[in-house]
Structures are given as structure tokens and as C-alpha cells.
1. Mind listing whichever residues of the stretch 62-82 are over 25 Å from residue 158 (Cα atoms) and either away from ligand 1 (no atom under 14 Å from the Cβ) or out of contact with any Gly (no Cβ under 7 Å at 6 or more places or on another chain) (or both)?
2. Could you list all residues from the stretch 55-71 that are open to solvent by less than 40 Å² (accessible area, probe 1.4 Å) and touching an Asp or Glu at 6+ places or on another chain (Cβ under 9 Å)?
3. Give the residues of the stretch 115-150 that are open to solvent by 10 Å² or more (accessible area, probe 1.4 Å), in contact with a Ser or Thr (Cβ under 7 Å, 6 or more places away or on another chain) and over 21 Å from residue 50 (Cα atoms), sorted by residue number.
4. Hand me the list of strands (runs of 3 or more DSSP E) wholly inside the stretch 81-182 holding 2 or more residues that are in contact with a Lys or Arg (Cβ under 8 Å, 6 or more places away or on another chain).
5. Evaluate the stretch 99-107: report whether one residue or more is of a type outside the set (Asp, Glu), more than 12 Å from ligand 1 (Cβ to nearest atom) and touching a helix residue (DSSP H, G or I) at 6+ places or on another chain (Cβ under 6 Å).
Amino acid sequence: MIDFETGVMLPADGKIERRLSQMKGVFADEKAYLACLEKEDSLVYEVYTSTPPEREGDLIYCTSVIYPGKVGDEFYMTKGHYHAKRGTSEVYLCVGGRGMLVLENPHGDSTVLDMYPGSMSYIPPFWAHRTVNTGSGPFIFIGVYPADAGHDYGTIEACGMMKLVLQRGGQTVVLDSQRASPKAGEGLS
Ligand code: M6P
Ligand code: ZN
């Protein structure tokens, strides 16, 4: 059962909680990050997950709840990852709130998709992905992906993603980050 109001999945085999303190280096404005953290180690997002055996053919399904908030002018978001097994894909179904899906690949292509209740988003193989809460309430979506996909955080941790999603003058804006394109060979496996 998934409660579309809260994103809580019951039963769930696991629950991941990510607080600000676990997201060092993720937000572009390091000074704003440290100032937020000093105030409170806020909960940024939670993931309720099923955990079947990590074998080919099985699927993992999970719900993610990203809470509303900002670090400086950058919205709360997930860490973002490539799949360790690069040739695997994923689908998201948004059930609550408003958000964006940031996608990029090792060839330097990047794009951003709107997510809203009822929207389904497809993450093709070989694309890194991050979700961003651009709304004022919890942003909730269901994800389904191959159980043997795995998460590679290192590539994104090393230099961030190519697009930033910010609030400027009350508007949501998408800007190119300082990092123009992935370093040669990065993200390729
Ligand atoms: C989605 C899925 C999960 C992922 C979660 C949080 O629910 O893609 O696999 O773990 O978002 O994202 P991240 O792992 O990048 O923090
Ligand atoms: Zn994924």
C-alpha cells in the first residue's frame, strides 16, 4: 500500500533518510549549505523501498518523498546517481507535489522534465538522474528499476550535475552549472 498523501509505503523492506548533513558537496552554494546545517540538520528526503534479491529479472519499487526547502536559492533535491549497471533504465510516476527530473549523459547532453501528479517519466539507460522539489509541499513519486541496477553516486559527487534548479524572484529557473560537460571518460563503463 502506498499512501499518496504522505508517500509512506507499507510494508516496506527499507527506509532511507537523507538529512542535510549527509549531502555535503551536493548543493552549489557551499556557504549557504553550511549556514543551513548550522541552523538545523533538516530532513531533505526519504525513500521507502522494496528489496528483492539483487538479481537480473527482478524489479525494485520504491516511493521517494522530497520535502520542500532550499539551500540558498537551490531547491531541495536528491543526491543523484548513475546506475552502477549503466545499461539499465527506470520509470517514475509522480503522485503528489511538483518537481523536476534532471537528466544527463556522459556525452554532455542534459535535459529537465516537469513532474506533477499523474506524470510518468522515463529514464533511459546510461542517463544520470536527480529529482528536485520545486513546490511548496512534499514532492512524492514512485520509482521502478531493475533490482541489479545498483547506484553509482561517485560520478555525480565528483563534479555535480550540468543543470541547477533554482528559485529566483519567485520563479523556478534552470541554469547551466559551472561544469559544462563531464570529464572525458566519466560515467562511461
Ligand atoms: C528514486 C530512485 C531510487 C533513489 C531515490 C533517491 O526513488 O531512483 O533508486 O535511491 O530516488 O535518489 P538518490 O539515490 O539519488 O539519492
Ligand atoms: Zn536510478
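1. Selection gives 68 alone.
2. Taking the stretch 55-71 first, the residues open to solvent by less than 40 Å² (accessible area, probe 1.4 Å) are 58, 60, 62-66, 69, 71.
Result: 58, 60, 63, 64, 65, 66, 71.
3. 124, 125, 134
4. 99-104, 110-115, 128-133, 139-146, 171-176
5. Within the stretch 99-107, none of the residues are of a type outside the set (Asp, Glu), more than 12 Å from ligand 1 (Cβ to nearest atom) and touching a helix residue (DSSP H, G or I) at 6+ places or on another chain (Cβ under 6 Å).
Matching residues to (1) in contact with a strand residue (DSSP E or B) (Cβ under 9 Å, 6 or more places away or on another chain); (2) not hydrophobic (A, V, I, L, M, F, W, C):
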site: 107; (1), (2): no, yes
site: 110; (1), (2): yes, yes
site: 114; (1), (2): yes, yes
site: 133; (1), (2): yes, yes
site: 137; (1), (2): yes, yes
site: 144; (1), (2): yes, no
site: 153; (1), (2): yes, yes
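The values are calculated or read from the model by the stated rules, or taken from the named source; none is laboratory data. Owing to the predicted nature of the structure, the values given are computational and were not obtained by experimental measurement. In this analysis, Cβ positions are derived from the backbone assuming ideal geometry, glycine residues included, and neighbour counts consider all displayed protein chains. Areas reflect the complete protein model, heavy atoms only, side chains present, ligands, DNA and RNA absent. Shrake-Rupley method; radii C 1.70, N 1.55, O 1.52, S 1.80 Å.
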